[in-house]
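Here the structure comes first, spelled out in structure tokens, and everything after it is commentary.
The values are calculated or read from the model by the stated rules, or taken from the named source; none is laboratory data. On a predicted model such as this, the values are computed, not experimentally measured, just so you know. Here Cβ is always computed from backbone atoms with ideal geometry, including for glycine, and neighbour counts include all displayed protein chains.
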């Protein structure tokens, strides 16, 4: 991984971006892509759209859109009780059993406030309580406040809360962090644009940092409508199945370090898939193929049905332990995904027909 690009990746992971509160990470994106994009703009929804054209101020009628969502799952402060404990509700999907006992950060107007999420210790639970998964009304965030007034002096209702953001390197090129979903995809689409900036292209390429994917693919809906691309490729995480207990007969065999995943199915335009696969073979980029028999829960779903339809594809970055504070990816998969998107863009010509 390029040294400066790796620093950008680490900065993305160290920056909070709960759905609906993406401004801090979009500031990071704008500062980075401004060095090599022909244009950078932000729409009213908060999507950051960075573009490269065949020449400055000369957009091509053939437009390719790459989308990686910048938002992460989070919590929101909904109530502060008289003792100063914060009660929260989810922004996006959580496994409650993973939440318990974790370090969290409340992102307030005056800065980050550390806290822990827990409930009564097992010694004080009834047998019934021990044997059931708690609800969000059964747990709280403790920031060490003396009472409600003390908590309200720094925390407001509606403040977002994330896992403590921390990047860790593991053995054999693996890395762990909260919010790999989908800051890896965001990094890939912006790195692809950087690689493209050093080459000659015939199509205009728009790399978009989309917002609010975790609560309904919302940023992809608005940004795709605005860009109006011919081809749209979303980059998101997908489930790595190289961990114990997965039934590969149902979910496929997807491994960290074996390359990004190119999906096939109803959400995928077959001509876009064919070109992606051909580009990977030509440039010896390792990829994995996986079927998806229905509309995906990714930005590709929204992109495909925008306006009068977009020729869509989906690239997956294999990810272990999705929607947890210890999401694990292989850095080589990110690098190869960016190379794949860059070479794909270089292979596209204005006269190509994407009709299935």
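Structure summary
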| quantity | calculated |
| --- | --- |
| In region 1-25, the residues that are assigned to a helix (DSSP H, G or I) and touching a helix residue (DSSP H, G or I) at 6+ places or on another chain (Cβ under 6 Å) | 5, 8, 9, 11, 12, 13 |
| Subset tally (residues that are in contact with a helix residue (DSSP H, G or I) (Cβ under 8 Å, 6 or more places away or on another chain) and either at pLDDT below 95 or part of a loop (DSSP other than H, G, I, E, B) (or both)) for region 301-313 | 3 |
| Residue 324, sole failed condition from (1) more than 24 Å from residue 175 (Cα to Cα); (2) buried (at least 19 other Cβ atoms within 10 Å of the Cβ); (3) touching a residue at least 60 places away in the same chain (Cβ under 8 Å) | (1) |
| Tabulated pairs, region 32-45, first within 15 Å of residue 210 (Cβ to Cβ), second surrounded by fewer than 16 Cβ atoms within 10 Å (Cβ to Cβ), C-beta under 6 angstrom, 6+ apart or interchain | 40/34 |
| Hits in region 152-168 (condition: surrounded by 15 or more Cβ atoms within 10 Å (Cβ to Cβ) and within 15 Å of residue 111 (Cβ to Cβ)) | 154, 155, 159, 160, 161, 162, 165 |
| Scope region 271-300; condition touching a strand residue (DSSP E or B) at 6+ places or on another chain (Cβ under 8 Å) and part of a helix (DSSP H, G or I); matching residues | 271, 272, 273, 276, 277, 280, 299, 300 |
| Filtered residue count, region 114-141, keeping only those that are assigned to a helix (DSSP H, G or I) and without any contact (Cβ under 8 Å) to a residue 40 or more places away in the chain | 8 |
| Candidate set from region 92-113 (those that are part of a loop (DSSP other than H, G, I, E, B) and touching a residue at least 60 places away in the same chain (Cβ under 8 Å)); member that is farthest from residue 73 (Cα to Cα) | 102 |
| All positions within region 46-63 that are within 21 Å of residue 210 (Cβ to Cβ) and not in a loop (DSSP other than H, G, I, E, B) | 48, 49, 50, 51, 52, 63 |
| Selected residue (only one of 342, 337 is in a helix (DSSP H, G or I) and either outside the structural domain of residue 53 (by TED's automatic domain parsing) or out of contact with any strand residue (DSSP E or B) (no Cβ under 8 Å at 6 or more places or on another chain) (or both)) | 342 |
| Meets criteria (farther than 24 Å from residue 215 by Cα and part of a loop (DSSP other than H, G, I, E, B)) for residue 144 | yes |
| Residue list for region 194-204, restricted to those being in a helix (DSSP H, G or I) and buried (at least 24 other Cβ atoms within 10 Å of the Cβ) | 196 |
| Yes/no for residue 51 being assigned by TED's automatic domain parsing to the domain that holds residue 237 and out of contact with any helix residue (DSSP H, G or I) (no Cβ under 7 Å at 6 or more places or on another chain) | yes |
| Residue match in region 26-40 (condition: crowded, with 21+ Cβ neighbours inside 10 Å, in the same structural domain as residue 224 (by TED's automatic domain parsing) and in a strand (DSSP E or B)) | no |
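Results for (1) modelled with pLDDT of 95 or more; (2) more than 23 Å from residue 214 (Cα to Cα), shown as yes or no for each residue.
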| position | (1), (2) |
| --- | --- |
| 2 | no, yes |
| 68 | yes, no |
| 72 | yes, no |
| 95 | no, no |
| 104 | yes, no |
| 107 | yes, no |
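Yes/no matrix, rows are residues, columns are (1) in contact with a helix residue (DSSP H, G or I) (Cβ under 8 Å, 6 or more places away or on another chain); (2) in contact (Cβ under 8 Å) with a residue 24 or more places away in the chain; (3) within 23 Å of residue 62 (Cα to Cα); (4) surrounded by 17 or more Cβ atoms within 10 Å (Cβ to Cβ):
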{"site": "206", "(1), (2), (3), (4)": "yes, yes, yes, yes"}
{"site": "212", "(1), (2), (3), (4)": "yes, yes, no, yes"}
{"site": "217", "(1), (2), (3), (4)": "yes, yes, no, yes"}
{"site": "231", "(1), (2), (3), (4)": "yes, yes, yes, yes"}
{"site": "239", "(1), (2), (3), (4)": "yes, yes, no, yes"}
{"site": "246", "(1), (2), (3), (4)": "no, no, no, no"}
{"site": "256", "(1), (2), (3), (4)": "yes, yes, no, yes"}
{"site": "275", "(1), (2), (3), (4)": "yes, yes, yes, yes"}
{"site": "284", "(1), (2), (3), (4)": "no, no, no, no"}
